[in-house]
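The values are calculated or read from the model by the stated rules, or taken from the named source; none is laboratory data. Fair warning: this is a prediction, and the values are worked out from it, not measured in the lab. Neighbour counts are summed over all protein chains in view; Cβ atoms, including those assigned to glycine, are modelled from backbone coordinates with ideal geometry.
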Amino acid sequence: MKILFAASECAPFFKTGGLGDVLGALPKELAKDGHDVRVVLPLFLQKLSEETLGELEDVTDFTVEVGWRKQYCGIKKLVRDGVTYYFIDNLFYFDRPNLYDYGDDAERFAFFQQAAIEMLGKIDFIPDVFHVNDWQTAMIPVLLKDKYAWINQLKDIRTVLTIHNILFQGVYDQYVLSDLFNIGYDAFHERGLKYWDNVCWLKGAIYYSDLVTTVSPTYAEEIQTPEFGYGLDYDLREINYKLVGILNGIDYETYNPETDKTIPATFSTDDLSGKGVNKRALQERVSLPVDDEVALIGMVTRLDEQKGVDLIVDAMEELLAHRHVQVVILGTGKPYFEEAFTYFTNTYPDKCQAIIDFDSELAQLIYAGVDFFLMPSKFEPCGLSQLNSLRYGTLPIVHEVGGLADTIKAYNPVTGEGTGFSFYDFTKEVLLRTIDDALVVYYDYPDTFEALQVRAMEQNNSWEKSANQYIDQYKYLIF
């Protein structure tokens with residue numbers, strides 16, 4: 001099977017979040033089964049390492065018409081782990097410090113999507129499945145059925161859209177149809193791009209794709225409701241016959257407590273002693289008192305409302321003043337949240353340390369060293385941090401939404417079952433009560449706590465299981 005992924009980010013080349021992690025792992029897993037898997041990405045020149053730049057091979061170049069603009073397009077490639085990566089080169093659009101948030105993002109990704117389609121004939125690769133991801137590539141299914149429908153070799157391509165976060169939709173003035181894509185209004189209707197008086201790239205893909213997936217079964221249900229659908233819930237209900245939720249996985253080679261070279265001590269389900277070593281190393285690194293006995297709670301997150309950070313800020317004073325805990329937080333985000341956690345660090349330096357930074361190595365140590373991982377997201381399409389935590393025997397405390405509900409089984413004090421702690425009502429009081437439940441197990445029932453740690457580590461959240469589900473869906477489309 002020939003599969004082509006299009007996305008705006010992909011680890012380890014460049015990423016800002018979960019989309020990059022998925023594109024870094026899923027294609028590799030599919031390639032292991034012998035499929036011809038390729039990925040097309042923008043060449044964000046300033047984000048690539050010198051080593052990667054040295055690996056790039058020139059393939060071809062041509063001109064892409066972005067409306068009335070005639071833009072250079074270079075195609076470079078490299079092969080890693082059985083996957084061929086194509087990079088679309090245009091310095092004007094992609095040689096910038098950041099991936100997104102520029103005033104011409106619509107033009108930049110209009111160029112990218114048309115280039116990704118037009119390169120197919122030039123590299124002599126016509127995929128069976130063209131798998132696009134989020135709004136930055138959502139026009140590809142529309143363009144294949146509209147602008148490029150006359151090209152015979154493209155007619156049989158099946159398209160798959162994955163919605164990683166429906167909050168971001170690519171909504172623009174309708175003039176982009178002619179100004180950026182040089183197309184008319186054939187796709188501008190209610191079961192297409194029309195979104196009030198604007199065009200919505202994601203809505204277009206929802207209707208024009210052969211299959212729509214999202215990153216957890218619960219999120220697939222949630223986005224069909226007004227609360228979580230962000231204006232597209234009606235459209236998703238209309239196409240729910242082709243809407244599937246498939247859980248993300250994590251890279252079990254990168255996140256492996258038995259072989260991880262980034263942490264001070266490795267450990268396994270047979271011997272958890274290394275986890276205590278990591279806990280002490282983390283406490284020392286972030287300037288918390290080294291204490292084996294205290295419950296250590298960690299967070300690695302983007303500091304904004306989606307991640308439930310406002311709820312944590314509301315609860316922090318009571319948590320730190322009245323519980324025997326230590327808290328370590330790593331992340332950056334909205335200034336008022338950064339200031340709030342800096343305040344708590346200054347007020348309770350022996351109980352709280354907030355590191356306002358992005359540090360992947362420290363993040364790994366937090367997953368490996370803390371006892372509990374706090375993740376009370378307001379909504380969470382899938383989430384990867386809770387999966388990383390499980391892998392390292394760290395028990396998640398989560399809000400029961402999206403992928404968090406699908407991956408964390410709440411502790412049952414009667415049967416002893418579970419892999420973490422969860423709550424439904426999104427309030428400070430319920431959050432604190434759930435943390436208290438976790439602390440009771442930690443302090444009063446250490447054998448139960450250790451059994452939960454082992455059970456968490458034994459969960460299978462690898463990409464292998466998820467990749468097989470994608471293959472089944474692809475086969476359904478093309479056979």
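List of remarks:
- Of everything listed in (1) touching a residue at least 12 places away in the same chain (Cβ under 8 Å); (2) in contact with an Asp or Glu (Cβ under 7 Å, 6 or more places away or on another chain), the single unmet condition for residue 290 is (1).
- Among the criteria (1) within 30 Å of residue 247 (Cα to Cα); (2) hydrophobic (A, V, I, L, M, F, W, C); (3) touching a Leu at 6+ places or on another chain (Cβ under 6 Å), the one residue 48 does not fulfil is (3).
- In the stretch 215-253, residue surrounded by the fewest Cβ atoms within 10 Å (Cβ to Cβ) [restricted to those that are out of contact with any Gly (no Cβ under 6 Å at 6 or more places or on another chain), among the hydrophobic types (A, V, I, L, M, F, W, C) and part of a loop (DSSP other than H, G, I, E, B)]: 239
- Exactly one residue among 256, 278 is in the same structural domain as residue 398 (by TED's automatic domain parsing) and either under 22 Å from residue 408 (Cβ atoms) or in a helix (DSSP H, G or I) (or both), and that residue is 278.
- Of the residues in the stretch 102-116, at least one is surrounded by fewer than 17 Cβ atoms within 10 Å (Cβ to Cβ), out of contact with any helix residue (DSSP H, G or I) (no Cβ under 9 Å at 6 or more places or on another chain) and more than 21 Å from residue 146 (Cβ to Cβ).
- Restricting attention to the stretch 440-475 and to residues that are under 19 Å from residue 271 (Cα atoms) and among the acidic types (Asp, Glu), the residue that is farthest from the chain's Cα centre (by Cα) turns out to be 447.
- Flag: residue 187 matches the condition of being part of a loop (DSSP other than H, G, I, E, B), under 30 Å from the mean Cα position of the chain (by Cα), aliphatic (A, V, I, L, M) and assigned by TED's automatic domain parsing to the domain that holds residue 125.
- Residues that are within 23 Å of residue 253 (Cα to Cα) and surrounded by 16 or more Cβ atoms within 10 Å (Cβ to Cβ), drawn from the stretch 353-372: 362, 363, 364, 365, 366, 367, 368, 369, 370, 371, 372
- Among the residues of this structure, residue 464 counts as one that is touching a residue at least 60 places away in the same chain (Cβ under 8 Å) and acidic (Asp, Glu).
- Residue 454 vs. criteria crowded, with 21+ Cβ neighbours inside 10 Å and either touching a residue at least 12 places away in the same chain (Cβ under 8 Å) or in contact with an Asp or Glu (Cβ under 6 Å, 6 or more places away or on another chain) (or both): no
- Here residue 128 passes the criteria (1) charged (D, E, K, R); (2) surrounded by fewer than 22 Cβ atoms within 10 Å (Cβ to Cβ); (3) over 24 Å from residue 59 (Cβ atoms); (4) touching a residue at least 12 places away in the same chain (Cβ under 8 Å) except the one numbered (3).
- Enumerated helices (runs of 4 or more DSSP H) restricted to the stretch 326-439, each holding at least 1 residues that are without any contact (Cβ under 8 Å) to a residue 24 or more places away in the chain and within 24 Å of the chain's Cα centre (by Cα): 335-347, 360-369
- Residue match in the stretch 41-54 (condition: in contact with a helix residue (DSSP H, G or I) (Cβ under 7 Å, 6 or more places away or on another chain) and surrounded by fewer than 19 Cβ atoms within 10 Å (Cβ to Cβ)): yes
- Number of the condition not met by residue 350 [criteria: (1) at pLDDT 95 or above; (2) surrounded by 13 or more Cβ atoms within 10 Å (Cβ to Cβ)]: (2)
- Pick from the stretch 152-184, criterion free of Cβ contacts under 8 Å to residues at least 40 places away in the same chain, part of a loop (DSSP other than H, G, I, E, B) and of a type outside the set (Lys, Arg), ranking: surrounded by the most Cβ atoms within 10 Å (Cβ to Cβ): 157
- Scanning the stretch 438-451 for residues that are out of contact with any Leu (no Cβ under 8 Å at 6 or more places or on another chain), surrounded by fewer than 17 Cβ atoms within 10 Å (Cβ to Cβ) and either not assigned by TED's automatic domain parsing to the domain that holds residue 411 or not aromatic (Phe, Trp, Tyr) (or both) gives 440, 444, 446, 447, 448, 451.
- Residue within the stretch 381-390 that is of a type outside the set (Lys, Arg), at positive phi and surrounded by 17 or more Cβ atoms within 10 Å (Cβ to Cβ) present: yes
- A Cβ distance below 8 Å, combined with a sequence gap of six or more or placement on separate chains, defines the contacts here; from the stretch 136-151, residues that are assigned by TED's automatic domain parsing to the domain that holds residue 16 reach no residue that is at pLDDT below 95 and of a type in the set (Phe, Trp, Tyr).
- Spans of strands (runs of 3 or more DSSP E) in the stretch 1-108 with at least 1 residues in contact with a Lys or Arg (Cβ under 6 Å, 6 or more places away or on another chain), within 23 Å of residue 159 (Cβ to Cβ) and charged (D, E, K, R): 36-42
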